[in-house]
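Every number in this text was worked out from the coordinates using simple rules, so none of it is lab data. Source: prediction; values computed, not measured. Using ideal geometry, Cβ is built from the backbone for each residue, glycine included, and neighbour counts are taken over all protein chains shown.
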Amino acid sequence: MAAGGKPPKAARASKARSEPKASGVHSGQPKASEGGPPQSSQQRILDGRAWAEFCDSLKRAGDVVLREGTPRDAFDRAEGYRYLSRLTRVALESFLEFADPLFPVLRRPAHETVKIGADNPDNYYQSAALSGEHDYRVRGSRGTVHYLGFGSYAGGYGSAGRRGQTGYLDASQLELAPGGRFEMILSSREQPGNWLRMQPDTSLLIVRQTFQDRGQERIAELTIERVGGEGGPQPITPEFVDRGLQAAAAYVAGTAGLFADWAEGFALHKNQLSELDPAVAAAAHGDPNILYFHGYWELAPGEALVIDVTPPRCDYWNFQLNNHWMESLDYRYHTIALNHAQVRPRPDGSVRLVVSHQDPGAPNWIQTAGHRRGTMCLRWVGAKQHPAPKTRVVELGDLASIL
């Protein structure tokens, strides 16, 4: 899924125009002090309460690593704490550094060292803060990347209120000029030409660029601006920082809790892949063109997980391994995922994937990269049919007899 999160709507004003209406991430006033009236953000910054509560919230977020359904070994828990540190990093970038919807910036919210919700190793993710009160313009060149999709979203992991998609457009729907150049308007009001729908509560743009072959394809080069957004942002305010810290802390706890819930649910049926309800995927900021199968794998030394599937006609598909925290395993150094262009199919078009700790000497080997367990994901993009994969665990020594 990946790349979720909702920037705070409290925005810094443009020097070139009057200050737009701003609304906070949380309704009402900042939190009340114990037994007293609500404090203003300025008071909370001056007395340190804003920072102290942020730190206290991060400490409580660490409880997810110790909860009953998580692995009890030091390796998985160490990865859990690293995961929280990564979430904290991306949360501060999302809700403080790049949180201004008046001056949005396309940034990478998930990548080689920030991994969220079964992030796709073939994806180049980008996101930007939006506000449904404004219009935006994206300019760019299509490039040669295999799949390019733009989604507008409301809400975020850990935020109150509605969470889900408010509009979607992929490259097949774009009107392109010579050389692959294009311009797209993002707005709550319908526009001619390339238009990505927003709604009044839209707060986020997510761009998914999916490679078939990273070594041969070029990403789309993109820029974003608010229509009429001349000038530059004014200095930050106490309210902006206070609410940004609150939103960042909520994001860390909300993201970690959401995907821990998913992993624990998948673990009830180990070494199986089940279709994820599209409504659940949409609420987690998934791509509407993708049908997901998720599961939980766990293998002893000398075991292999065999996955058989006949892929449907589709734009793209892949299978990947993640750790317990739903972070993709380290694809920089290990083959932990294969896509439709990388697998070796059988003569009848079916594909057999083999997950194991040791090289099985078979095609389509998925490496576990030093992990004993974790989650896994199979996704079809643009498929009309969604065949379910079949899985079984076998002894590595018996693998040759079934290949």
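A DSSP coil position with no more than 13 other Cβ atoms inside 10 Å describes the following trypsin sites (Lys or Arg not before Pro) in the stretch 44-96: Arg67, Arg72. Residue exposure proxy: Glu175, Glu327, ordered by other Cβ atoms within 10 angstrom of their Cβ from fewest to most, comes out as Glu175, Glu327. Extending 7 Å from Cα along the Cβ direction at Glu221 and again at Trp365 yields two label points whose distance is 4.0 nm.
Using packing as a proxy for protection, rank 263-271, 109-117 so that the peptide with the highest average count of other Cβ atoms within 10 Å comes first. Could the numbers behind the result be given before it?
Numbers: 263-271: 16.3, 109-117: 20.7.
Top of the packing list down: 109-117, 263-271.
Share of antiparallel DSSP beta bridges in the chain, in percent to the nearest 5? Provide the component values of the computation, followed by the final result.
Numbers: 72 of 79 bridges.
Among the beta bridges of the chain, antiparallel pairing accounts for roughly 90 percent.
Could you tell me what percent of the DSSP beta bridges with both partners in the stretch 41-257 are antiparallel, to the nearest 5? List each step's numbers first, then the result.
Details: 35 of 38 bridges.
Bridges in the stretch 41-257 that DSSP calls antiparallel: roughly 90 percent.
Listed by chain and number, the aspartates and glutamates whose alpha-carbon sits under 17 Å from that of Lys390, ignoring those within fewer than 8 places in the same chain, are Glu275, Glu298, Glu303, Asp308, Asp348. Note on Thr335 and Asp73: the model spin-label points, each 7 Å out from Cα along the C-beta direction, lie 2.4 nm apart. Once the chain from Val105 to Leu66 is taken as fully extended at 0.36 nm per residue, the excess over their C-alpha distance is 10.4 nm.
For Val207, the shell of other residues with beta-carbons less than 12 Å away shows a net charge of 0, using +1 for Lys and Arg and -1 for Asp and Glu. The Cα center of the stretch 308-381 and the Cα center of the stretch 210-277 differ in position by 24 Å.
If each DSSP helix of 4+ residues adds -39,500 (n - 2.57) and the sum is divided by the residues in the chain, what number results at 222 nm, nearest 500 deg cm²/dmol?
Details: 6 runs with 77 residues, N = 403.
When only DSSP H runs of four or more count, the value is -6000 deg cm²/dmol.
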